[in-house]
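The values are calculated or read from the model by the stated rules, or taken from the named source; none is laboratory data. Note that the structure is a prediction, hence the values are computed from the model and not measured. Backbone-built Cβ (ideal geometry, glycine too); neighbour counts: all protein chains shown. The protein model used for the area step is the full one, side chains on, heavy atoms only, and it has no ligands, DNA or RNA in it. Shrake-Rupley method; radii C 1.70, N 1.55, O 1.52, S 1.80 Å.
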Amino acid sequence: MTGKIIGTGSYAPAYIMDNNELATYVETSDEWIRERTGVARRHIAGEETVSSMAAAAAKAALADAKVEAAEIELIILATNSPDALIPACSCLVQREIGAVNAVCFDITAACTGFVLAYNTAQAYIASGLYKKILIIGSETLSNIIDWSDRGSCILFGDGAGAAVVGTSEGTYYTPVAHTDGSKAEALTLTNRFVGNSITKKQETTYTSPEFFMQMDGQAVFKFAVSKVTEVIGEVLEKNNRRPEEIDYFILHQANQRIVEAISRRMKQPIEKYPMNLMDYGNTSSASIPIILSELGRDGTLKPGDRIVIAGFGGGLTWGASIIEW
């Protein structure tokens, strides 16, 4: 028994900030951003939260799967920017969509979050413990980036994507994932709850750089191009598949240059690497489910298509899985 994605959905905030508007906040230009990242615009949350966007994406995924919320047995939500530390955002989604029978938990695995949520869902299904699982990636990265840091604020956007994973008699594909904590400093964000009123009295307004996302762009770029190429090769080898047998490689939408470099290294045509980052920016754990939802909705993905999904990000953590559509 294996898991199969039977429905997808996504949500993006109504407010769209293009590069020209962003240039009024930081010294940059539309041409400079497009050339280095491929991003033209991004959605920015207003009243939306991680949980509200996740619930909207979840409702769309349930409708697509023709599954009632009460049938969902487990909700896994991947995020780096939760509404609160307690309760988990997945619990708020459960309440909003009426998934009264679902166990809920969040995971934090940066931009690899959705891939690891999918792998976790597959493990639960293979064990026979659950049959219908809702997995979600949702982010309000606009809340945690430094809008004065040109090197990072140009990249990120907000949004959510979701998928319903159900049981199937199809082929089980072994996933691959890795972490290298020795390089954790390449992408960091200090928790603002770092002290207590008894032993660690602190006077801070939480405006110093460490309380916003900090990224070594060059280090992350080199890591992504190298390790993602390797992990895709590894997942293909473990499952006795060749790159030519894969219809699409759906990578975390971090940077157009990264995707293009991986395409060249793998000697596979760029047409097999769908991208939507020009319209969304880097939405971290939400990027893969958002593009899956779009490609499913517009008919690009056909039944039987073999897809590799690959995520990479802070931790440093990276992983890949093969999906049969």
Matching residues, segment 84-124, being of a type in the set (Ser, Thr, Tyr), open to solvent by 20 Å² or more (accessible area, probe 1.4 Å) and under 13 Å from Ala163 (Cβ atoms)
Thr120
I need a count of the residues in segment 303-320 that are more than 19 Å from Thr188 (Cα to Cα), out of contact with any Gly (no Cβ under 9 Å at 6 or more places or on another chain) and not β-branched (Val, Ile, Thr).
4
Residues of segment 1-25 being open to solvent by 60 Å² or more (accessible area, probe 1.4 Å), touching a residue at least 40 places away in the same chain (Cβ under 8 Å) and aliphatic (A, V, I, L, M), which ones?
Met1, Ile6
Taking segment 63-79 on its own, how many of its residues are in contact with a helix residue (DSSP H, G or I) (Cβ under 6 Å, 6 or more places away or on another chain) and open to solvent by 10 Å² or more (accessible area, probe 1.4 Å)?
1
Name the single residue that is farthest from Trp325 (Cα to Cα) among those in segment 209-241 being touching a residue at least 40 places away in the same chain (Cβ under 8 Å) and small (Gly, Ala, Ser).
Gly217
Which ones in segment 147-166 are acidic (Asp, Glu) and either under 20 Å from the mean Cα position of the chain (by Cα) or under 19 Å from Val115 (Cα atoms) (or both)?
Asp158
For residues that are in contact with a strand residue (DSSP E or B) (Cβ under 6 Å, 6 or more places away or on another chain) and open to solvent by 10 Å² or more (accessible area, probe 1.4 Å), tally how many sit in segment 125-148.
4
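Taking only segment 26-45 into account, find how many residues are touching a strand residue (DSSP E or B) at 6+ places or on another chain (Cβ under 9 Å), assigned to a loop (DSSP other than H, G, I, E, B) and surrounded by fewer than 21 Cβ atoms within 10 Å (Cβ to Cβ). Spell out how you get there, then give the answer.
Here is the first cut: in segment 26-45, the ones touching a strand residue (DSSP E or B) at 6+ places or on another chain (Cβ under 9 Å) are 30, 37, 39-45.
Then keep just the ones that are assigned to a loop (DSSP other than H, G, I, E, B); that gives 39-40, 44-45.
Pick out the ones that are also surrounded by fewer than 21 Cβ atoms within 10 Å (Cβ to Cβ) and you get 40.
Residues flagged as touching a strand residue (DSSP E or B) at 6+ places or on another chain (Cβ under 9 Å), assigned to a loop (DSSP other than H, G, I, E, B) and surrounded by fewer than 21 Cβ atoms within 10 Å (Cβ to Cβ) within segment 26-45 amount to 1.
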Counting only residues that are small (Gly, Ala, Ser) and farther than 13 Å from Gly159 by Cβ, which one in segment 59-77 is farthest from the chain's Cα centre (by Cα)?
Ala70
When you scan segment 276-299, how many residues do you find that are surrounded by fewer than 17 Cβ atoms within 10 Å (Cβ to Cβ) and either assigned to a helix (DSSP H, G or I) or in contact (Cβ under 8 Å) with a residue 40 or more places away in the chain (or both)?
2
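Take the conditions assigned to a helix (DSSP H, G or I) and closer than 19 Å to Tyr124 by Cβ and apply them to Ser52. Does it pass? Full working, then the answer.
Numbers: assigned to a helix (DSSP H, G or I): yes; closer than 19 Å to Tyr124 by Cβ: no.
Against the criterion (assigned to a helix (DSSP H, G or I) and closer than 19 Å to Tyr124 by Cβ), Ser52 does not qualify.
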With (1) open to solvent by 70 Å² or more (accessible area, probe 1.4 Å); (2) under 15 Å from the mean Cα position of the chain (by Cα) as the list, and Glu169 as the residue in question, which single condition is left unmet?
(2)
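Among the candidates Thr190, Thr205, Thr174, which residue alone is at pLDDT 90 or above, of a type in the set (S, T, N, Q) and at negative phi? Break it down stepwise before answering.
Details: Thr190 fails: at pLDDT 90 or above; Thr205 fails: at pLDDT 90 or above.
Within the list Thr190, Thr205, Thr174, the selection yields Thr174.
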Please identify the pairs in which a residue from segment 242-270 that is surrounded by fewer than 21 Cβ atoms within 10 Å (Cβ to Cβ) has its Cβ atom under 7 Å from the Cβ atom of a residue that is among the polar types (S, T, N, Q), counting only partners at least 6 apart or on another chain.
Pro243/Gln268; Gln256/Thr37; Arg265/Thr229; Met266/Thr229; Ile270/Ser263
